[in-house]
Amino acid sequence: MTRAFLIVMDSAGIGGAPDAGDFFNGTLPDTGANTLGHIALACAEGRAEVGRSGPLRVPNLDALGLGAAIRLASGLSAPGLGAEPQGIWGAATAVSKGKDTPSGHWELAGVPVPFDWTYFPDTDPAFPPDLLAKVAGLAGAAGTLANTHASGMPVINAFGERHMHSGWPICYTSADSVFQIAAHEETFGLERLLRLCEAIAPTLHAMRVGRVIARPFLGQPGNFRRTNNRHDYAMEPPSPTLCDWVQGAGRKVYGIGKIGDIFSGRGLSEVRKGGGDVGLMEHLLSFGDEAEEGSLTFANFVEFDTLYGHPRDVSGYARALEWFDACAGQFLARLRPGDLAIFTADHGNDPTWAGTDHTRERVPVLGWGLGPRAIGQIGFVDVGASVAARLGVPAEGPGRSVL
């Protein structure tokens with residue numbers, strides 16, 4: 001019986017989204033953004049030399065068809081990515097009106113977002129007073145800090161010392177539909193932070209804000225660092241997803257990384273987290289050996305996005321891609337005849353682009369298990385439908401199998 005592995009390289013877009021002009025980083029539209037294509041160009045031009053050197057080297061992904069997928073999506077011939085595809089290869093386009101994690105993952109799992117998310121205005125202050133008063137009350141604090149659009153470490157560095165002295169939680173947002181609360185694991189308490197985020201989440205979800213994110217950190221002023229104990233409290237998908245379809249057929253569904261958070265634990269038999277992407281890769285390799293016949297393993301590797309895309313770190317993103325590619329080779333060597341593995345992404349986050357937010361892009365769809373097969377331009381929803389078809393499970397969404 002077939003096993004399926006759906007592996008999301010968070011933010012590894014390949015350009016070419018037809019509606020990119022409707023999405024922005026500040027005042028700059030996302031038209032022309034191309035996460036993997038621009039990283040490959042930067043590497044070839046010697047602009048990504050920190051901790052690595054030379055052209056981008058991802059031979060395993062390129063052998064599946066990465067370079068061909070980039071050309072299909074955007075017309076860009078990425079330097080060093082010219083292998084003749086030996087796997088399933090194509091590019092997927094989203095229809096949901098968001099370039100965020102839940103939109104991308106839900107749609108990959110067969111469910112486009114049927115409503116518009118709520119976004120907080122890019123103003124100071126960013127949040128309504130009654131919301132912050134409720135947060136402060138739930139936290140047992142006299143107030144909150146920040147109340148702005150910000151990136152994680154800059155806002156922690158700006159308000160961390162005051163937070164440690166006052167006990168007031170740090171509240172901020174981004175261009176995504178999110179409400180984020182940062183707090184020190186020792187002076188505020190990790191469990192207290194998680195309880196606070198869980199308690200306020202229903203209020204935000206009722207407003208159609210997609211996620212409340214707990215952002216714990218440690219350290220002292222001038223040396224703060226975020227920890228791996230982040231937790232996302234996401235809205236539940238509006239209808240059954242690939243995970244529900246597979247579990248409803250009596251099969252096991254394994255989640256790795258943020259998958260449990262993104263799908264609010266629904267449709268999942270087991271979730272493994274922890275240890276950053278290195279730890280998550282260990283889980284994926286283990287499931288390559290251990291996953292039951294007929295099962296689905298759904299993985300998210302988040303650090304492309306959080307550590308390198310948002311901070312606009314081209315060298316770091318390239319290093320992460322090269323590490324991941326080497327591990328992907330090890331993973332594919334563990335698969336059995338009849339297995340299907342698909343590598344894809346949920347949105348873009350071009351580290352060469354302006355701003356610090358996600359970029360609206362098509363994503364690669366690269367597969368192992370059926371030999372060379374061009375699938376062309378498909379929809380995100382077709383990924384979930386294709387996985388379901390390969391597992392012999394009825395798909396309930398609007399997608400179609402391309403396998």
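Please list, short to long, the whole-number percent of alpha-carbon pairs of region 1-80 in consecutive 10 angstrom bins beginning at zero.
Going out from 0 Å in 10 Å bins, region 1-80 shows 17, 41, 31, 10, 1, 0 percent.
In terms of modelled amide H atoms, which long-range or inter-chain residues lie less than 5 Å from the amide H of Ile378?
Ala91, Ala92, Thr93
Could you tell me the calculated FRET efficiency between Arg336 and Arg225, based on Cβ-Cβ distance and R0 = 60 angstrom, to the nearest 0.05? Show your work: numbers first, answer last.
Values: r = 40 Å, r/R0 = 0.67.
Approximately 0.90, to the nearest 0.05.
How many angstrom separate the Cα center of region 69-114 from the Cα center of region 333-347?
Comparing the Cα centres of region 69-114 and region 333-347, I get a distance of 15 Å.
With +1 on the Cβ of every Lys and Arg and -1 on the Cβ of every Asp and Glu, and nothing else charged, how large is the dipole of the chain about its Cα centre, in debye rounded to the nearest 20? The partial results should precede the final answer.
On the way: 32 positive and 43 negative charges, 55 e Å.
Its charge dipole is roughly 260 debye.
Residue by residue through region 93-110, which ³J(HN,Hα) values in whole Hz follow from phi under the Karplus form 6.51 cos²θ - 1.76 cosθ + 1.60 (θ = phi - 60°), with glycine and proline marked x?
Using θ = phi - 60°, the values come out as 10, 8, 10, 4, 8, x, 10, 10, 5, x, 4, x, 5, 4, 5, 4, 8, x Hz.
Would you pull out the residues with amide H under 5 Å of Phe5's amide H, same chain only if 5 or more places away, H placed 1.01 Å from N?
For Phe5, whose amide H was placed from the backbone, the distant partners under 5 Å are Thr297, Leu340, Ala341, Ile342.
Compare the Cα positions of Val246, Gly288, Leu218 along the charge dipole of region 216-314 (+1 at Cβ of Lys, Arg; -1 at Cβ of Asp, Glu; about the Cα centre) and return the one farthest towards the positive end.
Of the candidates, Leu218 comes out farthest on the positive side.
Once the Cβ-Cβ distance between Thr203 and Glu290 is put in as r, and R0 is 35 Å, what FRET efficiency do you end up with, to the nearest 0.05?
That gives a FRET efficiency of 0.30.
Translational diffusion coefficient of region 160-304 at 37 °C, 0.692 mPa s, Stokes-Einstein with Kirkwood Rh over Cα pairs, in µm²/s as a whole number. Intermediate results must be reported in sequence, preceding the final value.
Details: Rh = 16.6 Å.
D, rounded to a whole number, is 198 µm²/s.
Averaged across orientations, what area in nm² does the convex hull of the alpha carbons in region 305-403 project?
7.6
Whole-Hz Karplus ³J(HN,Hα) for region 267-272, in order, using 6.51 cos²θ - 1.76 cosθ + 1.60 and θ = phi - 60°, x for Gly and Pro?
Values per residue, Gly and Pro as x: x, 10, 8, 7, 10, 10 Hz.
By what distance, in whole Å, do the Cα atoms of region 1-158 stretch along each of the three principal axes, largest value first?
Projected onto the principal axes, the Cα atoms of region 1-158 cover 61, 43, 34 Å.
May I ask you to derive the relative contact order of the chain, considering only C-alpha pairs under 8 Å and at least 6 residues apart, and to give it as an integer percent? Don't skip to the answer; put the middle values down first.
Numbers: 1008 pairs, mean separation 119.5, N = 403.
It comes to 30 percent, rounded to a whole number.
Given labels modelled 7 Å from the Cα in the Cβ direction, how far is it in nm from His165 to Ser269?
It works out to 5.4 nm between the two label points.
Tell me, what ³J(HN,Hα) does each residue in region 229-238 have, in order and in whole Hz, if you take phi through Karplus 6.51 cos²θ - 1.76 cosθ + 1.60 with θ = phi - 60° and put x for Gly and Pro?
8, 3, 9, 9, 10, 9, 4, 6, x, x
Name the long-range amide H neighbours of Gln86: under 5 Å, sequence gap of 5 or more, or other chain; modelled H, no Pro or chain starts.
Leu64, Gly65
I'm a student and want to see the number: the projected area of the Cα convex hull of region 88-189, averaged over all directions, in nm². Display every interim value, and only then the final one.
Details: hull surface 35.7 nm².
Over every viewing direction, the Cα hull of region 88-189 projects on average to 8.9 nm².
Can you give the convex hull volume of the alpha carbon atoms of region 347-395 per residue, in Å³? Please list the in-between numbers first.
Values: hull volume 5.4 nm³, N = 49.
That works out to 111 Å³ per residue.
Please get the size of the charge dipole for region 243-285, origin at its Cα centre, with Cβ charges of +1 on Lys and Arg and -1 on Asp and Glu, quoted in debye to the nearest 20.
Details: 6 positive and 5 negative charges, 25 e Å.
In debye, rounded to 20, region 243-285 gives about 120.
Work the Kirkwood hydrodynamic radius out for region 40-86: mean of 1/r over every pair of different alpha-carbon atoms, inverted, in Å. Walk me through the numbers before you get to the answer.
On the way: mean 1/r = 0.0922 Å⁻¹.
When all Cα pairs of region 40-86 are included, the Kirkwood radius is 10.9 Å.
Quick check: the distance between the Cα centres of region 1-39 and region 348-372, to the nearest angstrom?
So the separation of the two Cα centres works out to 4 Å.
How do 125-133, 234-242 rank on mean C-beta neighbours within 10 Å, highest first?
Ranked by mean Cβ neighbours within 10 Å, highest first: 234-242, 125-133.
Would you kindly calculate the translational diffusion coefficient of region 7-47, applying Stokes-Einstein with the Kirkwood radius from alpha carbon pairs, for 4 °C and a viscosity of 1.567 mPa s, and quote it in µm² s⁻¹ without decimals?
Working: Rh = 11.3 Å.
The calculation lands on 114 µm²/s.
Using only the alpha carbons of the chain, determine the length spanned along each of the three principal axes and report them from longest to shortest in whole angstroms.
In descending order, the Cα extents are 61, 51, 36 Å.
Hey, what does the equivalent ellipsoid look like for region 251-379, semi-axes from the Cα gyration tensor as sqrt of 5 times each eigenvalue, largest first, whole Å? Kindly include the intermediate steps, with their values, before the conclusion.
On the way: eigenvalues 125, 64, 47 Å².
They are 25, 18, 15 Å, listed from largest to smallest.
Along each of the three principal axes of the Cα atoms of region 172-216, give the extent in whole Å, ordering the values from largest to smallest.
Result for region 172-216: principal-axis Cα extents of 31, 20, 9 Å.
Each reported figure results from applying straightforward, stated rules to the coordinates on display, with no laboratory input. Predicted, not measured: the structure shown is a model, and the values here were computed from it. So basically every Cβ, Gly included, is an ideal-geometry build from the backbone, and we count neighbours across all protein chains shown.
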